[in-house]
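S.K.: If you scroll down you'll find the structure; I have some questions about it.
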Amino acid sequence: MSRGWLIALVAGLGCAKVPAPEPIPPPVPVPVPAPAPVPAPAVVHEGAPTGVYSLAEALADALSGPWTYIGTGPWTGNQRIKACAYRNERVLIVDVYCTIKEVNAFRVDVFSPVRGRVRVYAEARAPIATLRRADYFTFTGESEPPPGPRSRLPPVTLSMSFAELLAYDGRRYQAFLPSCYGGVENQRRHGGCLRGLTARASEWTAANRSFLRDPPADWYRLVTELRTLARQHGLDPP
């Protein structure tokens, strides 16, 4: 092989195109699953109240949240023994016998702007907070729906002062609103409904029979809590 031909061969190889390496494909991203959506908390809608305000419903409303003290003073039909009033976000609560030294009777009035008024009264031969239902010789309840348009009395409001609540209760008392009542008075059963509610008597009795026979734990809790507060806010009669 001649020297010239060898030189030409080397030059030709130097000019030959060498293919570039294929580019490395980018890594395929691994899909990350999206976090499962957090379900919104279920909204619980309270059912609309039905029927005449029951004693158990009134106690549940009274114990549904903390109380704010409103005031102490005389009460409708009872000027000698003072009452203490409280409120929470649902109702006004009145301890009608708010004495420092406990007497042998206990009464609570519960006022609801939407349900009306409930009264529960107990009497025995010793202070009520120390006893159970079997020791009461009187244990009664009463329910009044909210005042209707004919009474010309608006519903109670939770913002009332003690004086406003007392004046309201006086007007309510004079209005002779429809009501249902029952229980045992001096060991004798009585009950019924008045002024437009006579047809609801059996309904009211059925709704409150168990409470008046064997009250729930809420009753004893309410008595205890009101008696505890009476030692702070109450007044003994002169």
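S.K.: Is it fair to say Tyr173 is in a helix (DSSP H, G or I), within 24 Å of Asn88 (Cα to Cα) and open to solvent by 30 Å² or more (accessible area, probe 1.4 Å)?
M.R.: yes
S.K.: Go through the residues of the stretch 44-58 one by one and say whether even a single one is modelled with pLDDT of 95 or more, closer than 27 Å to Phe106 by Cα, in contact with a strand residue (DSSP E or B) (Cβ under 9 Å, 6 or more places away or on another chain) and open to solvent by 90 Å² or more (accessible area, probe 1.4 Å).
M.R.: no
S.K.: Now a separate question. Considering only residues that are farther than 19 Å from Thr224 by Cα and over 25 Å from the mean Cα position of the chain (by Cα), look in the stretch 120-150 and name the one that is least open to solvent (accessible area, probe 1.4 Å). Full working, then the answer.
M.R.: Just the residues of the stretch 120-150 that are farther than 19 Å from Thr224 by Cα, to begin with: 137, 142-150.
Still in the running and over 25 Å from the mean Cα position of the chain (by Cα): 137, 149-150.
Working: Phe137: 30, Pro149: 127, Arg150: 231 Å².
Per the criteria, the residue is Phe137.
S.K.: Same structure, new question: Could you please give the count of residues in the stretch 194-215 that are open to solvent by 20 Å² or more (accessible area, probe 1.4 Å), under 14 Å from Glu144 (Cβ atoms) and of a type outside the set (A, V, I, L, M)?
M.R.: Counting residues in the stretch 194-215 that are open to solvent by 20 Å² or more (accessible area, probe 1.4 Å), under 14 Å from Glu144 (Cβ atoms) and of a type outside the set (A, V, I, L, M) gives 3.
S.K.: Could you count how many residues in the stretch 59-75 are surrounded by fewer than 19 Cβ atoms within 10 Å (Cβ to Cβ) and closer than 16 Å to Ala167 by Cβ?
M.R.: Going through the stretch 59-75 one residue at a time, the tally reaches 4.
S.K.: Need pairs with beta-carbon distance below 6 Å; first residue within 25 Å of Gln187 (Cβ to Cβ) and among the aromatic types (Phe, Trp, Tyr) and within the stretch 207-232, second open to solvent by less than 70 Å² (accessible area, probe 1.4 Å) and outside any loop (DSSP other than H, G, I, E, B); sequence gap 6+ or separate chains.
M.R.: From residues that are within 25 Å of Gln187 (Cβ to Cβ) and among the aromatic types (Phe, Trp, Tyr), the pairs are Phe211/Leu55; Phe211/Ala56.
S.K.: Would you mind finding the one in Leu226, Leu222, Leu177 that is closer than 16 Å to Asp109 by Cα, touching a strand residue (DSSP E or B) at 6+ places or on another chain (Cβ under 8 Å) and at pLDDT below 95?
M.R.: The conditions single out Leu177.
S.K.: A follow-up question, please. Mind checking whether some residue in the stretch 176-193 is more than 18 Å from Leu55 (Cβ to Cβ), open to solvent by less than 70 Å² (accessible area, probe 1.4 Å) and among the charged types (D, E, K, R)? Talk me through it step by step, then tell me what you get.
M.R.: First, the residues of the stretch 176-193 that are more than 18 Å from Leu55 (Cβ to Cβ): 176, 186-188.
From what's left, open to solvent by less than 70 Å² (accessible area, probe 1.4 Å): none.
No, the stretch 176-193 contains no residue that is more than 18 Å from Leu55 (Cβ to Cβ), open to solvent by less than 70 Å² (accessible area, probe 1.4 Å) and among the charged types (D, E, K, R).
S.K.: Identify all residues within the stretch 152-164 that are farther than 15 Å from Pro113 by Cβ and not in a loop (DSSP other than H, G, I, E, B); write none if there are none.
M.R.: Matches in the stretch 152-164: Phe162, Ala163.
The values are calculated or read from the model by the stated rules, or taken from the named source; none is laboratory data. Bear in mind the structure is a predicted one, so any value in this text is a computation, not a measurement. Reconstructed Cβ throughout: ideal geometry from the backbone, glycine too, with neighbour counts over all protein chains shown. Please note that ligands, DNA and RNA were not included when accessible areas were found on the heavy atoms of the full protein model with its side chains. Shrake-Rupley method; radii C 1.70, N 1.55, O 1.52, S 1.80 Å.
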